[in-house]
Each structure stands twice: as structure tokens, then as C-alpha cells.
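*Asks:* Right, I'll just put the structure down here and ask away after.
The values are calculated or read from the model by the stated rules, or taken from the named source; none is laboratory data. Not measured: the values here are computed from a predicted model. Don't worry about glycine lacking a Cβ; one is built from the backbone with ideal geometry, like all the others, and counts go over all protein chains shown. The accessibility values were calculated without ligands, DNA or RNA, using every heavy atom of the protein model including side chains. Shrake-Rupley method; radii C 1.70, N 1.55, O 1.52, S 1.80 Å.
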Amino acid sequence: MSRSATLLRILALLAVLLLFFASLELMGESVKLLGSGFAERLIQSTANPFVGLFVGILATSLVQSSSTVTSLVVGLVAAGGLTVPGAIPIMLGANVGTSVTNTIVSLGHIVRKDEFGRAMGAATVHDFFNLMAVAIFFPLELVTGFLSRSADGLANALSDVGGTELLNFVEVLTAPVVGLMIDLMGQNGVLVLIVGVTCLFLSLRYLVIMLRALLLGRSERLINNYLFGPAVVALLFGTLVTVMVQSSSITTSVTVPLVGAGIVTVSQIFPFVLGANIGTTITALLAALVFAGGGSEHGMFALQVALAHLMFNCCGVLLFLPFKRLRQIPIVLAEWLGRLVVKNRAYAFGYIALIFFVLPLLIILATRNLDTSFYGGNSPAVEQVEQP
């Protein structure tokens, strides 16, 4: 690639990044234009943490992009349309939903039985890890506010050292464009929301495409050299590649055909998958830093939610990776499912439909009117809810 072509791609990448940040601003402004009644209804609809968790799973499974869902959630928190305790379960659900892409990718091996079994095992080790992490940390968060408390302290620490001012210039660049677009749309809240969400989808789609074109060729060579090395190296490498291409679906899907072909095992790719889980949180974190840079209270809440998502993934790694017996549980379950789908391929389709679509929808319908009162004590999450 020539130097001028590379420069043009970098400039295009910067333009897409600005569109991404502008889309978040548009969504935030749309909530304000729609009025406090809209924000209150949105908050009430996610007040039940079980509904929030499974909305996160279902929404991410449908759009197949956790970055889109988590960025949307961060934008809504910054606009006052979601509270911290309403947003964190959605972020955890997005972590589960994002692994549907890997599982769908494994279906490409369905005509070759043994290869399909190995590929399904490679794809679903991500599923089982995320499901187990949610099963542990979701109840812990509900009872103690562990993630929200810790993220609140970390957000305040970043603010104290000036970390939230790093991307302050982005708002200066996007504000005139956003203001002009809102005026052109006649300050219609619904129209602004539709345009904002559309811009978010488009910007993240092309952000992934451009980063992939710039970096993934080199990343694939690095994957072949380092993916199967020591666990810590594979973990860091999985994080780095995912940060670069802004999509855990891409980086983890690369491993599925490798395992399917029998080149590596599920155990070997597991640390890399965990690293991808951490790396995928960078998109929402960047968005939150832009909001927090403005110094608003809701901007700090958005940063708290993004940091809670990062902490959830880091805590999952710290819980599972160092301990062999715990580490083996998702691996054994994934390999068992791989053997099961070899016997009957219909199990693969049933698994995808049940875990990512049917079960979340049924639980949302069953628990939407459930009265829950978690987050005991005086956690920052509760304090936000209780604000007049």
C-alpha cells in the first residue's frame, strides 16, 4: 500500500470516528428534546435488572455487535435516559450476546461432522465463559453494588488526575455539526434519535471495516506466532488485536476455523478469547470519556457504566484464568457441546435459538412486572436513582 493511500485511509478513519462521537451526541440531545417523560419511561422500563440483562443479550444477538449496544447505553446514561443500575445489567447482557457471531460462524463447518464439532467447541467456549461470569457477578452486583461502587471510585480517581479531560476536544469538534443537524431536523426529538442511531450503526460498521483493512492482515500473522504461546501473552494479544479492530467478533471468529481444522485446541485459544472480551470494552469507554470530559454529572455516570463493563471482564479473567479447575469448566462444557452437535446437527440450531433469542425473550416477558429492590446500602447507583 502506498503512503498516500495509507494517509487517505487514516483520514477516513478519523472522519468515521468523528461521526461515531457525533452520533452519540445526537442520541443524547434527542432524549432532551423528547422531554423528561420519555427519560422517565425509559428508566422505568429498565428498572428491573433481570429485564435489563436479557434485553442486553437479545439486542446484541440481533445486531451482532456489543460495541453498538454498549455505546448506545453509554450515550443514554450520559443523556439522563438510563441510570447506572439500569445500564450495568444491559452491559453484562451485551457481553453474552456478542458471542452469538462466533457460534453462527461455526455453522460454516456443518457439512463435515468432526470439524463441525471442534468448531462448535471453539465458538461456544466464549459463550460458556460469559454465561458463567454473569452468573457469578450479576447477583454479586445486585446484592452489593460491587461493580458500580468500584467503577465509581475509579471514575472519580480518573477525574482527579485529569484523565476525563483527554478527549475534551472531541466535543468542541462535534458540537457545531450536531447543532446544525438538529436545526435542520427542526429539533424533532424522534427524528434526531433515528438519525443518531443510524449514524451509530454506520460509523461502527465502517470503523470495523477500515481498521480491519489497515491492521488485520498483520494481526493474523501475529495471531499465528503468539496466540498459542503462554496464557498471559495470548491474553494480552487478544486484548490488543480487539482494541485495534474494535470487534471481538472478528478476533474470536478467527480462531473458530483454526480449531475446526484441528490445528489448535479449545484450551489453547481460551486465553486469547478472554483478552478479546477485555478489548471489546474500549469502544464504550472512549465514548464515555468524551461525555465525562464535559464535566457533567451524567457524563461521569456514563464513565462509571463503561468502567463497570471493563471491570466485569477483568474480574472474570482474574477469577477463571489463574485457576486450572475453574478454567477447565467452560472448556469442558464447550467440548461436550461440540461432541453433542456431531451426533445431531439440530442441537446447534436449537442451542443458538434458545440461548440467544427464545430464553431472553421469555424471561423479559416473564419478569417485566417483577418488583425488585436490590442494590442495598448506599451505593452510587442507588444515590443516582434517588436523586429528584
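Residues are listed down the side, and each one gets a yes or a no for (1) open to solvent by 10 Å² or more (accessible area, probe 1.4 Å); (2) charged (D, E, K, R); (3) under 16 Å from THR60 (Cβ atoms):
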position	(1), (2), (3)
PRO85	yes, no, no
SER99	no, no, yes
SER106	no, no, no
ARG118	yes, yes, no
GLY121	no, no, no
VAL125	no, no, no
PHE129	no, no, yes
PRO139	yes, no, no
PHE146	yes, no, no
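*Asks:* Another question about this same structure. Is it fair to say ALA135 is out of contact with any Lys or Arg (no Cβ under 8 Å at 6 or more places or on another chain), open to solvent by 30 Å² or more (accessible area, probe 1.4 Å), small (Gly, Ala, Ser) and free of Cβ contacts under 8 Å to residues at least 60 places away in the same chain?
*Replies:* Considered against the rule, which asks whether it is out of contact with any Lys or Arg (no Cβ under 8 Å at 6 or more places or on another chain), open to solvent by 30 Å² or more (accessible area, probe 1.4 Å), small (Gly, Ala, Ser) and free of Cβ contacts under 8 Å to residues at least 60 places away in the same chain, ALA135 comes out as yes.
*Asks:* Next question. List pairs: first in segment 223-234 and open to solvent by less than 90 Å² (accessible area, probe 1.4 Å), second modelled with pLDDT under 75, Cβ under 7 Å, 6+ apart or cross-chain?
*Replies:* Filtered contacts from segment 223-234: VAL233/TYR226; ALA234/TYR226; ALA234/LEU227.
*Asks:* Another question about this same structure. Residues of segment 1-25 being crowded, with 17+ Cβ neighbours inside 10 Å and of a type outside the set (A, V, I, L, M, F, W, C), which ones?
*Replies:* SER23, GLU25
*Asks:* Next question. Would you confirm whether or not segment 121-130 contains a residue that is closer than 30 Å to LEU7 by Cα and modelled with pLDDT of 85 or more?
*Replies:* So far as segment 121-130 goes, no, none of its residues is closer than 30 Å to LEU7 by Cα and modelled with pLDDT of 85 or more.
*Asks:* Going by the conditions given, is LEU92 open to solvent by less than 10 Å² (accessible area, probe 1.4 Å), closer than 17 Å to ALA306 by Cα and of a type in the set (A, V, I, L, M)?
*Replies:* Answer is yes for this residue.
This table checks each residue for (1) open to solvent by 70 Å² or more (accessible area, probe 1.4 Å); (2) assigned to a helix (DSSP H, G or I); (3) more than 18 Å from LEU58 (Cα to Cα).
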site: CYS314; (1), (2), (3): no, yes, yes
site: VAL317; (1), (2), (3): no, yes, yes
site: ARG327; (1), (2), (3): no, yes, yes
site: ILE331; (1), (2), (3): no, yes, yes
site: TRP336; (1), (2), (3): yes, yes, yes
site: ARG339; (1), (2), (3): yes, yes, yes
site: GLY350; (1), (2), (3): no, yes, no
site: ALA353; (1), (2), (3): no, yes, no
site: PHE357; (1), (2), (3): no, yes, no
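*Asks:* If you check VAL84 against the conditions, is it in contact with a helix residue (DSSP H, G or I) (Cβ under 7 Å, 6 or more places away or on another chain) and either under 30 Å from GLY262 (Cβ atoms) or among the aliphatic types (A, V, I, L, M) (or both)?
*Replies:* In short, yes.
*Asks:* Kindly evaluate ILE352 against the criterion of being of a type in the set (Val, Ile, Thr) and in contact with a Ser or Thr (Cβ under 8 Å, 6 or more places away or on another chain).
*Replies:* Yes.
*Asks:* Next question, about the same structure. Between SER36, SER45, SER4, which is over 24 Å from MET181 (Cα atoms), over 21 Å from the mean Cα position of the chain (by Cα) and at pLDDT below 90?
*Replies:* SER4
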